[in-house]
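What follows is a set of notes on a single structure, which appears directly below.
The values are calculated or read from the model by the stated rules, or taken from the named source; none is laboratory data. In this text the structure is predicted, and so the values were computed from the model without any measurement. Note that we place each Cβ from the backbone using ideal geometry, even for glycine, and neighbour counts take in every protein chain shown. Note: accessible area is taken over every heavy atom of the protein model, side chains too, but ligands, DNA and RNA are not part of it. Shrake-Rupley method; radii C 1.70, N 1.55, O 1.52, S 1.80 Å.
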Amino acid sequence: MNNTTKAFRGEILHFLSDPAKDNDNAHQYFEDGVLVVTDGLVEAVGPASEVLSTLPSSVEVKEHKDGLLVPGFIDTHIHYPQTEIIGSYGEQLLEWLDTYTFPTESQFGDSEFAKPRAQFFLDQLMSNGTTTALVFGTVHPESVDAFFEQAEQMNVRMICGKVMMDRNAPDNLTDTPQTSYDESKALIEKWHGKGRLHYAVTPRFAPTSTSEQLHKAGELLKEYPDVFMHTHLSENKNECAWVGELFPECENYLDVYDQHGLLSKRSVFAHGIHLCDSEYERLRDTDSSLSYCPTSNLFLGSGLFDLKKAEEYNVDVGLGTDVGGGTSFSQLQTLNEAYKIQQLRGEKLTAMKSFFLATLGGAQALDLDDKIGNFAKGKEADFVVLDYNSTDLMRVRMNKTKDINERLFVLSIIGDDRSVKETYVMGELTHDRDNKKKSAL
Ligand code: GUN
Ligand code: ZN
């Protein structure tokens, strides 16, 4: 403990493992708990009755009455340039890309355009309690520079990459195998490992890359083994059929990526709705992860993700908002839709599993669970204070709850950014709902 030590008191919940495997042993819950942070890292967590007496009297204890402290939410798949097309009407994936996505993404080659949008996007994450995200830029390196410059100033742990796309897209949004390699490499050298930032090699999806370009992506991953790989997989039935036509030599959709060396423990595949058994096996065997994006999957009519099957095959799953195909930056709203998808599948999503997915599950999916995801000693103190009284309806509903399970469930169904009272990054307050700063846009 030293003079940068701070303590936060309130109800505290975090996870040690997956509740689907370890039931009640998977979490720690302190009805009156204290989180101690030194130099931005977790020093201790436990019941107030034990922890307070260990603190020197000089340590300030910030009280959060009616507040629940949880680790910062982790969004394992999102597109920052699509913020302004959220909620665009009427299309499924392939038409939606042509009609809305590509036109808006074409503007991000201009740094002056990209910068305020990167800032607005990061502010949205903070006001929704999301402290780490795996983020798509556009094909333009300028889009990634704008994002990382802003994220660096905020000292947030973020992952981003330039889209690689050399066919089946408008000319002003395509690169070539060589330029995509060169530009990605330059961005890796500039940003990967700088402060809390990481780079993700980001081929958009199989239909927009030639085999030559996917080989270049694989080369980058060989040269930089701790860089991430981020793409889309088996989201929409027409997309899957198209991939079959474009890559007839591959056994299935995942095999396209596999044949180009793109599967590893730092590979994250968004969606994975229409997978066969051998694809789940291959994901597990390579320790690759899926990002489950419920609001997007419903909004774009893509399908119902099979969470139970991913559990059975031991495939790591994180939660993604997939804004702008997804309809909310809020992980709570994302869990609301996840619950309904499991209902439509005849399955139950427990509140504990939900909050695991939004925190430690995401950290494990991103292979960052040595740094973030829970309050284990030495982890980075990114956390959120959730408010049980954020609206009249929430307060009245909470009065009817009997335990933490019920309260979590209500938060995950009717909660949203209004429920996020404060967001902390490395122990520093970065979002204060009741003293909001001016919007960047
Ligand atoms: N597949 C390829 N590109 C995209 C995208 O931008 N959003 C979603 N949801 N799926 C994609
Ligand atoms: Zn996406």
Which whole-number percent of Cα pairs in the chain have a distance greater than 39 Å? 16
Largest-first ranking of 188, 414 by accessible area, probe 1.4 Å, whole protein assembly kept, is 414, 188
Find how much the distance from residue 389 to residue 111 grows on full extension, using 0.36 nm per residue of separation minus their present alpha carbon separation; answer in nm with one decimal. 96.0 nm
Counting only DSSP loop positions in the stretch 217-292, the GluC sites (Glu not before Pro) whose Cβ has at most 16 other Cβ atoms within 10 Å are 249, 251
On the accessible surface of the stretch 1-145, probed at 1.4 Å with all protein chains in place, carbon and sulfur together account for a percent value of 45
Heavy atoms of residue 430 accessible to a 1.4 Å probe, total area in Å² rounded to 10: 50
Which value in nm describes the separation of the simple spin-label points at residue 65 and residue 172, placed 7 Å from the Cα toward the beta carbon? 5.6
For the table 162/265; 65/402; 62/400; 377/400, the rows whose alpha-carbon distance is greater than 25 Å are 62/400; 377/400
May I ask you to evaluate 6.51 cos²θ - 1.76 cosθ + 1.60, the Karplus curve with θ = phi - 60°, for each residue of the stretch 246-253 and list the ³J(HN,Hα) values in order in whole Hz, giving x for glycine and proline? 6, 10, x, 7, 8, 6, 7, 4
Using the 2.2 N^0.38 Å rule of thumb for compact globular proteins, work out how the stretch 173-272 stacks up: its C-alpha Rg over that value, please. 1.06
Non-local residues with an amide H under 5 Å from the amide H of residue 293, with H modelled 1.01 Å from N and Pro and chain starts lacking one, are 271, 320
Stretch residue 212-residue 84 to full length: gain in nm at 0.36 nm per residue minus the Cα-Cα span? 42.8 nm
Share of accessible surface on carbon and sulfur in the stretch 308-378, whole %, 1.4 Å probe and ligands ignored, is 44
Net charge of Cβ neighbours under 10 Å - reference residue 381; Lys, Arg +1; Asp, Glu -1: -3
Please give me, ordered by residue number, the trypsin sites (Lys or Arg not before Pro) of the stretch 338-441 that lie in loop per DSSP and have at most 11 other Cβ atoms within 10 Å. 348, 377, 400, 402, 436, 437, 438
Counting only residues 5 or more apart in sequence or on a different chain, those whose built amide H sits under 5 Å from that of residue 161 are 135, 137, 200
If each of residue 348 and residue 32 carries a label point 7 Å out from its Cα toward its Cβ, how far apart are those two points in nm? 3.2
Solvent-accessible area of residue 144 with every protein chain in place, 1.4 Å probe, in Å² to the nearest 10: 0
Kindly write out, for the stretch 430-441 in residue order, the coupling ³J(HN,Hα) from the Karplus curve 6.51 cos²θ - 1.76 cosθ + 1.60 (θ = phi - 60°), rounded to whole Hz, with x marking Gly and Pro. 10, 9, 10, 3, 8, 9, 5, 8, 5, 5, 6, 10
Of the accessible area of the stretch 176-281, computed with a 1.4 Å probe and all protein chains kept, carbon and sulfur make up a percent value of 50
What shape does the stretch 282-362 have by the C-alpha gyration tensor, where a ≥ b ≥ c are the square roots of the eigenvalues, rounded means a/c under 1.5, and otherwise prolate means a/b greater than b/c and oblate the rest? rounded
Counting other Cβ atoms within 10 Å, which trypsin sites (Lys or Arg not before Pro) in the stretch 168-215 have at most 14 and lie in a DSSP loop? 194
Between helix 211-223 and the chain: long-axis angle, C-alpha atoms, 0 to 90°, nearest 10: 40
Determine the gain in length on full extension of the stretch residue 99-residue 222; use 0.36 nm per residue of separation and subtract their C-alpha separation, reporting nm with one decimal. 40.7 nm
Phi-derived 3J(HN,Hα) across the stretch 272-285 with the Karplus relation (6.51, -1.76, 1.60, θ = phi - 60°), rounded Hz, x for Gly and Pro, is x, 8, 10, 9, 9, 4, 5, 6, 4, 4, 5, 4, 5, 5
Rolling a 1.4 Å sphere over the protein heavy atoms, what is the accessible area per residue of the chain, to the nearest Å²? 38
Taking every DSSP beta bridge with both residues inside the chain, roughly what % is antiparallel (nearest 5)? 45
Accessible area of residue 54 in the full protein assembly, 1.4 Å probe (Å², nearest 10): 80
Check residue 267: other-chain or 5+ apart residues with amide H under 5 Å from its amide H, H built from backbone geometry? 229, 289
Using the Kirkwood radius built from alpha carbon pairs, what does the Stokes-Einstein equation give as D for the stretch 1-144 at 10 °C and 1.306 mPa s, in µm² per second? 85
